[in-house]
1. Quick test of your reading of the structure: A:LEU83 fulfils all but one of (1) in contact (Cβ under 8 Å) with a residue 60 or more places away in the chain; (2) under 24 Å from A:MET227 (Cβ atoms). Name the failing condition by number.
2. Can you confirm whether B:GLY83 is under 20 Å from A:ARG97 (Cα atoms), part of a loop (DSSP other than H, G, I, E, B) and not acidic (Asp, Glu)?
3. Give me the helices (runs of 4 or more DSSP H) completely within the stretch A:30-101, filtered to those with at least 2 residues that are polar (S, T, N, Q) and within 14 Å of another protein chain (Cβ to nearest Cβ), ordered by residue number.
4. Residues that are hydroxyl-bearing (Ser, Thr, Tyr), at least 2 per element: which strands (runs of 3 or more DSSP E) completely within the stretch A:257-370 meet that?
5. Out of the stretch A:339-371, which residues are closer than 27 Å to A:HIS116 by Cβ and aromatic (Phe, Trp, Tyr)?
6. Within the stretch B:58-75, track down each residue that is of a type in the set (A, V, I, L, M, F, W, C) and either at the interface with chain A (Cβ under 7 Å from one of its Cβ atoms) or in a strand (DSSP E or B) (or both).
7. In the stretch B:153-168, what count of residues is obtained for those that are closer than 27 Å to B:PRO30 by Cβ and without any contact (Cβ under 8 Å) to a residue 60 or more places away in the chain?
Amino acid sequence: MRKAITGHKAVAEAMRQIEPDVFAVYPITPQSEIAEYYAEYVHEGLVRTELIPAESEHSALSACVGAAAAGARVMTATASQGLALLVEVLYIAAGMRLPIVMALANRALSAPINIHCDHSDAYLARDSGAVQVFCESAQEAYDYTIMAQKLAEHEKVRLPVLVNLDGFTLTHTVQPVDLLEDEVVRRFVGEHNPVFPLLDVDRPVTWGAFAMHDYYFELKRAQESGMEAVPQVFLAVQREFSRVSGRRYAGFFEGYHLEDAEYVMIVLGSTAGTAKAAVDELRKRGLKAGLLKPWLWRPFPANELAEALRAAKAVAVLDRAFSFGTMGALYEDVAAALYAAEHRPTLANYVYGLGGRDTSVPDLIKVFEELRRIPRTEWTLRYIGLRE
Amino acid sequence: MPSIKVLAEREEKEVRFTAGHTLCAGCAEPMVVRTVLNAIEDPVVVASPTGCLEVATSRFPGTAWNVPWIHVAFENAAAVISGVEAAYKALRKKGLITRRTRFVVFAGDGGTYDIGLQALSGALERGHDFLYVCLNNEAYMNTGVQRSSATPQCAATTTAPVGEAIPGKPQERKDLTEIVVAHGVPYVAQAAVSRLIDLANKVERAMKYEGPKFLNVLTTCPLGWRTPRDSAIPQAKLAVETRYWPIYEVMEGRYKINYKPKERVPIEEWLKTQGRFRHLFRDPRGKELIAQIQAEVDRRWELLLQKERCFGPSA
């Protein structure tokens, strides 16, 4: 069923169809509408979910952790400062191997305070142990919210999954979205099989134990095995979702004219749409331009990415956040992935779009043109659309 | 009302909190925890924030908990139990859980009065069905006796030491019990480790109510109070006799003082037995400070009497 809806509504609809047992949330721009839609579903009696209107994001995720450990299927959503406030608990959710799906309506972090999009919130959670997926459109936000639930709950994964969608650009714009039937989504996500649920009072378990130098290291290594399981499960979930939805998802990233591309742009989220238009224009002019849009950012698909760049002469990696004092986080991922590769294209790092600064097709065409003239990889940050 | 015999029988049948934890010798916490758990007949799920109880009972790969137990962080036990209780409700609606289960938080004063106050207030306001027990030992004992907002005025702590300029903690302790009362929850009470039957009775009365229940239990810490190891019970007893720690409950907004000391024992009698107040008896400013502490104890006691008169069971 095709509908013209906002990214918020698309995510909220996916959540309604999944119908988690517990939805704990605290409102923040630009995520609030997800909380509002879900509250409406609960108050209208459309879902049986227990809604916890928490007094902060920290408590919202803490309640999710309690509910997930108890054996419930749980979801939440946040943005920006909310993510910053709850990030302590996100690390714990990952350490306790709890499958919590969280929509992250990407918004810049303070200061200065700003409500518009960049990826500084997602970057803050980079090392949290949560799986991170980025979406280009409302359709992808809908689809990946559904896929995330299955990925998070897979017995080999059991980790929180963040579904990133660009604040305002995706959350507040109306786009055509193909929705699945409720029944199709329910069958796809299936029954939730919790591990050692706290509510099994006949088999009491201790959750969140205290582990010192004698065990901490081994437990964290075991956590990494959850991350190691993600790529295979991610592909399997994509395959199954493609089958039930008729939409094609195959791989950790989407390539656009990538096969024979000599000049490649790598960018997360909605800006990939702009980049596609830039690639089209440059192809018309005869430049072999291409795009690589990662869907999966954590774990980072390093080998597949290096393989996909085997024809590239130069690659522009775009970061929508500073990692102050060093290069962009996505750039560093790409550089590390290519270091072990036989073919190493020239790399350039661009910071763009901070605090909602618009990035246009001509801006990205300029990046491609500049990329042709960059002689070698340098430790230099470049900027798109910055007044200097 | 559960007698000692009933509590003992229940514990014999099912040990909910086992030996082998690493709490200090003379610590009052296990007595409170066992009494509370034995006073509840239904299955129980427990949440604890970071603190003495948590580190001393959950060192991997061991555990002292023979009931389902969860620790997440320092400031969020009330939020965690909110989630557990919501999960219970959701799974019960689906018919996946049939047995009645109760939810209890054991938290220190640091995790309750200070860093966990927001989460507590949120959970109280939302009306989750749980019992929150504050094991109030009046400082951050787990991390080395730093002051909290439950620490009494003038007490020496590592972050409010006795110095030439400032003799111990300058501020009065926060009246958290009254803050909880202001939330309008069905059951709020103060208890002390020296009165375990009173504590058990309070737990039993509390658990008859749906919704949030709160118990603030004076839980002596010989280490932090700098008293002998065998002093936990007499210390708590004296705190009650001096009216420093009134034993009372507020049921549906109705105040009842459960124990009124017949004689007015001066606060000095309690202060002089504790190392954390030793300076008050050596310093020339001590007399005046003791008088201040006494005045505050008297003021709070009078206020409580007035509340009982105005909002008592018969008022």
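1. (1) is the only condition that A:LEU83 fails.
2. Numbers: under 20 Å from A:ARG97 (Cα atoms): yes; part of a loop (DSSP other than H, G, I, E, B): no; not acidic (Asp, Glu): yes.
No, not satisfied.
3. Working: elements: A:32-43, A:57-70, A:80-95.
The qualifying helices (runs of 4 or more DSSP H) are A:57-70.
4. Working: elements: A:263-266, A:289-294, A:296-298, A:314-319, A:346-352.
Of the strands (runs of 3 or more DSSP E) lying wholly inside the stretch A:257-370, those with at least 2 residues that are hydroxyl-bearing (Ser, Thr, Tyr) span A:346-352.
5. A:TYR350, A:TYR352, A:PHE368
6. First, the residues of the stretch B:58-75 that are of a type in the set (A, V, I, L, M, F, W, C): B:60, B:64-65, B:67, B:69-70, B:72-74.
If the condition is that a residue be of a type in the set (A, V, I, L, M, F, W, C) and either at the interface with chain A (Cβ under 7 Å from one of its Cβ atoms) or in a strand (DSSP E or B) (or both), then B:PHE60, B:TRP65, B:VAL67, B:TRP69, B:ILE70, B:VAL72, B:ALA73 are the ones that fit.
7. Step one: filter the stretch B:153-168 for residues closer than 27 Å to B:PRO30 by Cβ, giving B:155-159.
Right, trim to without any contact (Cβ under 8 Å) to a residue 60 or more places away in the chain and you get B:158-159.
Number of matching residues: 2.
Matching residues to (1) closer than 30 Å to A:LEU85 by Cβ; (2) among the basic types (Lys, Arg); (3) more than 7 Å from every other protein chain (Cβ to nearest Cβ):
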| residue | (1), (2), (3) |
| --- | --- |
| B:CYS27 | no, no, yes |
| B:ILE40 | no, no, yes |
| B:THR50 | yes, no, yes |
| B:ALA77 | yes, no, yes |
| B:VAL80 | yes, no, no |
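The values are calculated or read from the model by the stated rules, or taken from the named source; none is laboratory data. Note that this is a predicted model, so its numbers are computed, not measured. Cβ coordinates were reconstructed from backbone atoms using ideal geometry, including for glycine residues, and neighbour counts include every protein chain displayed.
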